[in-house]
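Everything below concerns the one structure shown next.
The values are calculated or read from the model by the stated rules, or taken from the named source; none is laboratory data. Because the structure is predicted, anything quoted here is derived from the model rather than measured. Glycine also receives a Cβ, built like all others from the backbone with ideal geometry; neighbour counts cover every protein chain displayed.
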Amino acid sequence: MSEYYEFTADKFVFKVKIGLLYSREETWAQIEGDQVRVGVTDFAQRRGGDIVFAEIKPIGTNVVSGELLGLYETVKLAQDILSPIDGEIIETNSLIISKPEAINRDPYGEGWVVVLKPASSLSGLLSADEYFELMKIKIDKELKTIKGM
């Protein structure tokens, strides 16, 4: 069995890693003991193109679900990275500051963004199954928009 759900649209293959939790705002969350590692979904990083810049809020920052953790820029757009939960940033990924393309190369691995000490439940997040279905709907809508349907 694969560790990803995959959906092919146009010429792109979009992946959703099984075993993670997801926000509707295109971030993933991985529970690691009493901490939560957070990153950007494959769908989000593919939609924007090659990432050329990333910025993250500093360690010690308290964030609320839906609030800014950081941002990344591509040649096409600037995209906010929103926190999937309430918590305190206890670790940041310095690799994506010096090599932001790591988010494109491995969004579910070396391209992670922050580690949070959660201050709330993760109950509002989606399972990989739920997020995969939502992502497919979003992709279909975007393709229809692009193709003028």
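Leu95 satisfies every condition listed in (1) under 18 Å from Leu125 (Cβ atoms); (2) free of Cβ contacts under 8 Å to residues at least 24 places away in the same chain except (1).
For Gly60, are the conditions met, namely being on the phi > 0 side of the Ramachandran plot and within 14 Å of the chain's Cα centre (by Cα)? Considered against the rule, which asks whether it is on the phi > 0 side of the Ramachandran plot and within 14 Å of the chain's Cα centre (by Cα), Gly60 comes out as no.
Condition check ((1) part of a strand (DSSP E or B); (2) at pLDDT 95 or above; (3) within 23 Å of Gly60 (Cβ to Cβ)) across all residues:
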{"position": "Ile81", "(1), (2), (3)": "yes, yes, yes"}
{"position": "Pro84", "(1), (2), (3)": "no, yes, yes"}
{"position": "Asn104", "(1), (2), (3)": "no, yes, no"}
{"position": "Tyr108", "(1), (2), (3)": "no, yes, no"}
{"position": "Gly111", "(1), (2), (3)": "no, yes, yes"}
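Does Asp106 fit the bill of being free of Cβ contacts under 8 Å to residues at least 60 places away in the same chain and under 17 Å from Phe12 (Cα atoms)? So Asp106 passes the test. Counting just the residues of the range 1-31 that are surrounded by fewer than 18 Cβ atoms within 10 Å (Cβ to Cβ) and β-branched (Val, Ile, Thr), which one comes out nearest to Pro118 (Cα to Cα)? Ranking the qualifying residues of the range 1-31, first place goes to Ile31. Applying the criterion of at least 2 residues that are among the hydroxyl-bearing types (Ser, Thr, Tyr) to the strands (runs of 3 or more DSSP E) found wholly in the range 1-76 leaves 4-9, 68-74. Listed conditions (1) buried (at least 19 other Cβ atoms within 10 Å of the Cβ); (2) farther than 29 Å from Ser2 by Cβ; (3) among the polar types (S, T, N, Q) are all met by Ser120, apart from (1).
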